[in-house]
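Visitor: For reference, the structure I am asking about is given below.
What follows is calculated from the coordinates using simple rules that are stated; it is not laboratory data. What you are looking at is a predicted structure, and each value in this text was computed from that prediction instead of being measured. Neighbour counts are summed over all protein chains in view; Cβ atoms, including those assigned to glycine, are modelled from backbone coordinates with ideal geometry.
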Amino acid sequence: MQGATYAGVMTTPLPSTPVPPAAPTGTRDRLLDAAADLFYREGVGVGVEALCRAAGVSKRSMYQLFASKDEVVAASLDRVAPRYRTALIPSEEDHRSPRERILHVFERLEALSASPDFRGCPFVATAIELKSPRHPGSLVARRHKDALTSFFRQEAEHGGATDPTLLAQQLTIVYDGASSRAVVQADALHGVAVTTAAALLDLAGLSRRAHSTDDAPQPIPAGQRPGGDRTHG
C-alpha cells in the first residue's frame with residue numbers, strides 16, 4: 001500500500017503496522033507539517049517565505065506562534081518524532097524476544113532506505129546541518145536519538161547482554177551509519193544493516209530464542225518507506 005510521506009515515514013502503511021498521521025487541526029500544525037517535509041527534503045536552509053507559502057500561512061502568523069525559525073526547526077522535529085518512532089520501534093504488545101525486537105528496528109530501516117525519497121534519519125540530518133550543538137533543533141535531535149539508544153539498552157538488558165550500555169551505543173552507530181550510507185550511495189541497504197546488527201547481538205550474547213506460539217512475526221510493509229506527511233534514532 002502506498003501513501004503520503006512525512007520526514008521519511010509513510011503515513012498510510014499496511015494495517016498491520018499503523019502509523020497514524022497527525023491531523024493538522026490549525027495553523028501551527030500546518031506550519032510544522034510543512035516545515036518537517038521541507039526541512040527533510042531540502043534542508044533547514046529553506047527560507048521563511050517558502051515555508052509559509054508551503055504551509056499556507058502568513059509570516060505574521062508564524063511569528064505569532066514561534067519567536068524564530070530556530071524554534072520552528074526544533075518543533076518540527078518534535079512533531080515528526082512520534083510517527084518516526086512508531087514506524088521503527090515495536091510496540092509494547094510485541095512479545096518477541098529482545099533480539100528480535102532490536103532487529104525489527106533495522107528491518108524497518110532497510111525498508112525505509114529502499115525509497116528514492118529517503119534522506120536518512122531526520123534527527124541526524126538536521127543536527128549535521130545546524131552544526132551548533134546548542135541550537136534548539138540540535139537539542140531536540142539529540143533527545144530523540146538518545147531515546148533510540150535507550151530502547152536498545154533496555155532490550156539489551158532484557159536479553160542478558162554482557163554490556164547493555166556499550167551494545168546500545170554500538171547499535172545506534174550502526175543505525176546512523178547505515179542510514180547515512182543509504183543516502184550517500186543513493187541505494188537501499190540490501191540487508192547490510194540487519195546483518196551487522198545481528199553480528200553485534202551475537203557477540204553480546206543475545207540468544208536466538210524461538211517465538212512463542214502467540215508471537216507472530218510482523219512483516220515490513222512494502223509501502224512503508226521514506227519521504228513528508230512522512231516516526232525520525
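Visitor: Report the rotationally averaged projected area of the stretch 66-122 based on its alpha-carbon convex hull, in square nanometres. Mind showing how you got there, number by number?
Guide: Details: hull surface 20.3 nm².
Here the figure is 5.1 nm², rounded to one decimal.
Visitor: Could you give the length gained on full extension between residue 207 and residue 195, defined as 0.36 nm per residue of separation minus the Cα-Cα distance, in nm?
Guide: That pair, residue 207 and residue 195, stretches by 2.8 nm at full extension.
Visitor: Based on Cβ point charges of +1 for Lys and Arg and -1 for Asp and Glu, what charge dipole magnitude is obtained for the stretch 8-204 about its Cα centre, in debye rounded to the nearest 20? Before the final figure, lay out the partial values.
Guide: On the way: 22 positive and 23 negative charges, 146 e Å.
With only Lys, Arg, Asp and Glu charged at Cβ, the dipole is about 700 debye.
Visitor: How large is ³J(HN,Hα) for each residue in the stretch 47-52, as worked out from phi by the Karplus curve 6.51 cos²θ - 1.76 cosθ + 1.60 (θ = phi - 60°), to whole Hz, x for Gly and Pro?
Guide: x, 4, 5, 5, 5, 5
Visitor: Largest first and in whole Å, give the semi-axes of the stretch 61-155's equivalent ellipsoid, each being the square root of 5 times a Cα gyration tensor eigenvalue.
Guide: Equivalent ellipsoid of the stretch 61-155: 28, 14, 13 Å, largest first.
Visitor: Right, next: Could you give each residue of the stretch 59-73 its phi-based ³J(HN,Hα) in whole Hz, using Karplus coefficients 6.51, -1.76, 1.60 with θ = phi - 60°, and x for Gly or Pro?
Guide: With the stated coefficients, the stretch 59-73 comes to 5, 4, 5, 4, 6, 6, 8, 9, 6, 7, 5, 4, 5, 5, 4 Hz.
Visitor: When the Karplus curve 6.51 cos²θ - 1.76 cosθ + 1.60 is applied with θ = phi - 60°, which whole-Hz ³J(HN,Hα) does each residue of the stretch 97-106 get, with x for Gly and Pro?
Guide: Working through the residues one at a time gives 5, x, 4, 5, 5, 5, 5, 3, 4, 6 Hz.
Visitor: Can you check how the C-alpha radius of gyration of the stretch 8-204 compares to 2.2 N^0.38 Å, as a plain ratio? Mind showing how you got there, number by number?
Guide: Working: Rg = 17.6 Å, N = 197, 2.2 N^0.38 = 16.4 Å.
This ratio for the stretch 8-204 stands at 1.07.
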